[in-house]
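Single-structure report; data block below.
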Amino acid sequence: SLQESVLDILNQQMGVEAHSSALYLSMSAWCYAQGLRGCGEFFRKQSDEEREHMMKIFHYITHAGALAVSPEVPKVEASFDDLRAILVKALDQEIQITENFNKMTEHCQKVRDFQTARFLQWYLDEQLEEERQARRCIEIFDLMNAKDALYDIDREIHDLKKGE
Ligand code: OFO
């Protein structure tokens, strides 16, 4: 069964994933409201993925016979300055999540819970991809350069999720 400290950090991370899901949904809503349907869909999918990340931890905890805590749905901002501000915020969010998983893995190794450390490896792999994609969004935005190309930027970012 899970050690108390490991259970705690897993439950905390469920809250972080829930927050992330709520934040991406809010970004999605903002994009749709601006007519940026491609980015709206991109962030809606991103929001779904974060919920899946949360549920993967939920299942891990429950299968270990421990108590998963359903996290409070946090309040997230509803409006943003512009699309670039959203893309930068999304990258910051992912970088912070990667750091969480680094710390969690470090803790699991310290208390010799190598099974949970291995479980967390999936998230570290996933974070590589998520950070890459978030960086690519900003690159696309900057390469195509702002206002005149907003329609094309929207389509390019949408296409990043194609085939997923
Ligand atoms: Fe995008 O991060 Fe969840 O884990």
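Of the conditions (1) away from the ligand (no atom under 12 Å from the Cβ); (2) over 14 Å from Ile9 (Cβ atoms); (3) touching a residue at least 60 places away in the same chain (Cβ under 8 Å); (4) surrounded by 17 or more Cβ atoms within 10 Å (Cβ to Cβ), His107 fails just one. Which one is it?
Of everything listed in (1) away from the ligand (no atom under 12 Å from the Cβ); (2) over 14 Å from Ile9 (Cβ atoms); (3) touching a residue at least 60 places away in the same chain (Cβ under 8 Å); (4) surrounded by 17 or more Cβ atoms within 10 Å (Cβ to Cβ), His107 misses just condition (2).
Checking Arg112 against (1) surrounded by 16 or more Cβ atoms within 10 Å (Cβ to Cβ); (2) basic (Lys, Arg); (3) more than 16 Å from the ligand (Cβ to nearest atom), which single condition isn't satisfied?
Of the numbered conditions (1) surrounded by 16 or more Cβ atoms within 10 Å (Cβ to Cβ); (2) basic (Lys, Arg); (3) more than 16 Å from the ligand (Cβ to nearest atom), the odd one out for Arg112 is (1).
Need pairs with beta-carbon distance below 9 Å; first residue of a type in the set (Lys, Arg) and within segment 52-72, second within 16 Å of the ligand (Cβ to nearest atom); sequence gap 6+ or separate chains.
Lys56/Glu17; Lys56/Phe119; Lys56/Trp122; Lys56/Tyr123
Enumerate the pairs (first residue in segment 81-102 and away from the ligand (no atom under 13 Å from the Cβ); second residue anywhere and outside any helix (DSSP H, G or I)) with beta-carbon separation below 7 Å, excluding pairs fewer than 6 apart on the same chain, so at least 6 apart or on different chains.
Correct list of pairs: Leu83/Leu36; Ile86/Phe80.
Would you check which residues across segment 145-163 are crowded, with 16+ Cβ neighbours inside 10 Å and either at pLDDT below 80 or in contact with an Asp or Glu (Cβ under 7 Å, 6 or more places away or on another chain) (or both) and list them?
Leu150, His158
Conditions first: (1) assigned to a helix (DSSP H, G or I); (2) within 23 Å of Ile157 (Cα to Cα). Glu77 passes all but one, so which condition is the exception?
Every condition holds for Glu77 apart from (1).
Return the total of residues in segment 117-126 being surrounded by fewer than 19 Cβ atoms within 10 Å (Cβ to Cβ) and either within 12 Å of the ligand (Cβ to nearest atom) or touching a residue at least 60 places away in the same chain (Cβ under 8 Å) (or both).
Residues meeting the conditions: 4.
Among the residues of segment 35-78, write down those that are surrounded by fewer than 18 Cβ atoms within 10 Å (Cβ to Cβ), among the small types (Gly, Ala, Ser) and over 19 Å from the mean Cα position of the chain (by Cα).
Within segment 35-78, Gly35, Ala64, Gly65, Ala66 meet the criteria.
Kindly establish whether Ser20 is among the small types (Gly, Ala, Ser), buried (at least 18 other Cβ atoms within 10 Å of the Cβ) and either part of a helix (DSSP H, G or I) or in contact with a Cys (Cβ under 6 Å, 6 or more places away or on another chain) (or both).
So Ser20 fits the description; yes.
Given the structure, is Ile140 in contact with a Leu (Cβ under 9 Å, 6 or more places away or on another chain), more than 16 Å from the ligand (Cβ to nearest atom), part of a helix (DSSP H, G or I) and free of Cβ contacts under 8 Å to residues at least 40 places away in the same chain?
yes
The values are calculated or read from the model by the stated rules, or taken from the named source; none is laboratory data. These numbers come from a predicted model, not from an experiment. A quick note on method: Cβ atoms are made from the backbone with ideal geometry, for glycine too, and the neighbour counts reach across all protein chains shown.
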